[in-house]
Each structure stands twice: as C-alpha cells, then as structure tokens.
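Undergrad: Input: one structure, supplied below.
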Amino acid sequence: MVSRVCVCVCLCVCTILKLHFLYFIASRPKRRHVAAALPTRAMVRQSLCAAAVAALLRAPLAAAHGRMTFPPSRQGGTLEVAGTNCGWHDAGTVANCECCWYTQFADIAIPGNATIPADSPLVTTGGCHDTKPGGCDWTKARPWRAPGSAPVLSPCGKETAGGADGRDLPPVALVNRTTWKAGTAVEVAFTITANHGGGYSWRLCPSSTTPLTEACFQQHPLDFAGDTSVVQYTSGKRVTIPAQRVTSGTTPAGSMWSKNPVPDEEGDFAPPLAGLVGSNWKFSIVDQVKIPADTAPGSWVLAWRWDTEDTAQSWANCADIEIAA
Ligand SMILES: [Cu+2]
C-alpha cells in the first residue's frame, strides 16, 4: 500500500507541479545533460516521494503518465477524458491510479546499444546528444533508444513493483468489447498525462495464453497503417498529423513502432501542430493498425506499450477484444 501510494504521489507531483524543474535548472544550458554532481530525475522523484508520502499517505491521487483510450481497456481510459484526468475506477473498472501502469518502480535500461542514433529525428529529447567517445548522449540507455528491448515485468503494466499487475485486472466485459475483422485496419488510441517522449507499439496475444507474457505479445506485433496519426480532442474534433514509424532496430525484429509526436517541451523537436506540446493531453493520438488476415477468430488481448526516452520507464495497458473472421 505504501509503495503504491508512493508511486502515485511521486508521479502526481511529477506531473502536476512539474518539479522536474530542479533537474532542468541544475542542468542548464543543456538542461538534461547528466552530470555526476547533479540530482537525477529518479533522485528527485524519490526524495519527493519520501516527503510527500508522509503528508499524503491516504490521498487517492490520480495523475500519472498515460493510458489506452480506445478500445475500452482494463485500465479504463476514454477518448472523452483523455489525459485531463486519471481517475480511480473510471469506466467501472477496478483499476486504481489509472495511468500508473508501468513496468516497475525501478528504472529500466536497454540491454544493448542504442539502435536509434543520437542524431535521428526519432529522438524526442533536447539536451546533449554528443555521439563522440565519452560524449554526453544522455538518453542512450533509455527504453526508446532501442524500442521494445528493455525488459518489462508485465506486458499489461504494473502499478508498482510487487503491486497489482494489469494481467490480473478483470477482462473487459464482453458487452463492452470491440470486435475487429481480421485483414482490416482498425483504430486504436492512447493519451499521456506526463509526457516523457519516446514512442509506442501495439501488440496482440491470444486470451487463452496463461500467463500473458511479453514474449507472447512480441509474437504478434501490429503494423501501423499509413503514415499519419490523428489528434482526437476530448470534444471529438479530429486533426490529421504526420507520423514517424520505425521498424529497424526494434524488438521483436521488424516490429513497427511510432514516435510520440508531441514534444514534452518547446525545443525538444518541432510539434506537429502549433502549441501541441507538453502533458495532461486534452486529446488522444489515434492510429490505424492492421489486423493480419490470418489472425484466428476469437478472444485476444491487445497491449499498448510506450517506451519513454525522457525517463527510464516503459508503460503498458491491456484491452480485451474479439476478432471476427
Ligand atoms: Cu515519470
């Protein structure tokens, strides 16, 4: 309980109060350059956590990092709410701290070298990306720099290390499930409440698989259809933007990932629309993914995986869907 609240408190503080500024200020002019004498984001987060937990132990804080908003998921996001709020038990689910579903409380790193080069337009962070020996490519070990390769504790997200696992959340009720036809392109969507850059992928695993493993989802990565995404605002208004996909250097080999198109801050990279920057999105990013024609009819679990670059985190949600022939 304490650790769960700790995570939620820390993430809430991180999101709402933007106290990462301690780190940014200390890191100027390359605000995210990692220097040994400076506090790391994790250090800032953990010290904030210790202080905040004492005061807020019982508060049902509910802001965190991101979630699936379509189709209906076990974690409960919706297109109408998007990243404006992360309630507890939204859409009738039992999920607590609904955007808190990431991989673990500890930082994670890619196991090998970065496959997204420091000078790639897929990089989503500002700061120093010096590729020379001894250079300061400060995100070179972050999950997004080799998409899909960082180890995760659960393909459906975990509330905390040792805490609830998204695989154990009740499946989406049959009446609320989306049915997709094999061989078609279908819409999926996610939102972000604390933007850490990076990028995302969508995967499937048969519902009958026990337990649902990351390896299973890696056997069924979904390709995106087309080279655009849609910004769908909570009002329902939709605007099409360019998408940047990547299939080389990804895990599993050849799996297709898409760059988070919204920069955390001005200067990270050019936003797709004027002012489309930051966190607590009042919109979702909608993409079309292709359901392979040979997908067996029946019940499947859909996973959204977001590998971040700004922090050492990976986030995941799961939905239950039906595939029709
Ligand atoms: Cu974070």
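The values are calculated or read from the model by the stated rules, or taken from the named source; none is laboratory data. Remember, predicted model here, so these are calculated numbers, not experimental data. With ideal geometry, Cβ positions are generated from the backbone for all residues, glycine too; neighbour counts draw on all protein chains shown.
Undergrad: Pick out the one residue from Ala274, Ala312, Ala316, Ala293 that is in the same structural domain as Pro111 (by TED's automatic domain parsing) and part of a strand (DSSP E or B).
TA: Values: Ala274 fails: part of a strand (DSSP E or B); Ala312 fails: part of a strand (DSSP E or B); Ala293 fails: part of a strand (DSSP E or B).
The conditions single out Ala316.
Undergrad: Sticking with this one: Name the single residue, out of those in region 243-257 being free of Cβ contacts under 8 Å to residues at least 40 places away in the same chain and within 19 Å of the chain's Cα centre (by Cα), that is surrounded by the fewest Cβ atoms within 10 Å (Cβ to Cβ). I'd like the intermediate steps shown before the answer.
TA: First, the residues of region 243-257 that are free of Cβ contacts under 8 Å to residues at least 40 places away in the same chain: 245, 247, 253-254.
Now restrict to residues that are within 19 Å of the chain's Cα centre (by Cα): 245, 247.
Numbers: Arg245: 18, Thr247: 14.
Applying the filter and picking the extreme gives Thr247.
Undergrad: Is it the case that Val172 is out of contact with any helix residue (DSSP H, G or I) (no Cβ under 7 Å at 6 or more places or on another chain), in the same structural domain as Phe70 (by TED's automatic domain parsing) and closer than 30 Å to Gly267 by Cα?
TA: On the way: out of contact with any helix residue (DSSP H, G or I) (no Cβ under 7 Å at 6 or more places or on another chain): yes; in the same structural domain as Phe70 (by TED's automatic domain parsing): yes; closer than 30 Å to Gly267 by Cα: no.
Criteria not met by Val172.
Undergrad: Spot the failing condition for Pro221; the list is (1) under 26 Å from Leu174 (Cα atoms); (2) crowded, with 22+ Cβ neighbours inside 10 Å; (3) in contact with a Leu (Cβ under 6 Å, 6 or more places away or on another chain), and only one is missed.
TA: (3)
One line per residue, one yes/no per condition, for (1) without any contact (Cβ under 8 Å) to a residue 60 or more places away in the chain; (2) of a type in the set (A, V, I, L, M, F, W, C); (3) touching a strand residue (DSSP E or B) at 6+ places or on another chain (Cβ under 9 Å):
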residue: Arg177; (1), (2), (3): no, no, yes
residue: Thr184; (1), (2), (3): no, no, yes
residue: Phe190; (1), (2), (3): no, yes, yes
residue: His196; (1), (2), (3): no, no, yes
residue: Tyr200; (1), (2), (3): no, no, yes
residue: Cys205; (1), (2), (3): no, yes, yes
residue: Ser208; (1), (2), (3): no, no, yes
residue: Thr213; (1), (2), (3): yes, no, yes
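Undergrad: I would also like to ask the following. When you check Gly163 against the structure, is it in the same structural domain as Asp264 (by TED's automatic domain parsing) and at positive phi, yes or no?
TA: Values: in the same structural domain as Asp264 (by TED's automatic domain parsing): yes; at positive phi: no.
No.
Undergrad: For residues that are in a strand (DSSP E or B) and crowded, with 24+ Cβ neighbours inside 10 Å, scanning just region 168-199, find the one that is farthest from the ligand (Cβ to nearest atom). Let's see the steps before the verdict.
TA: Start the filter on region 168-199 by keeping residues that are in a strand (DSSP E or B), which leaves 178-181, 185-192, 199.
Within this subset, residues satisfying the condition of being crowded, with 24+ Cβ neighbours inside 10 Å are 188, 190-192, 199.
Details: Val188: 23, Phe190: 16, Thr191: 15, Ile192: 11, Gly199: 16 Å.
It comes out as Val188.
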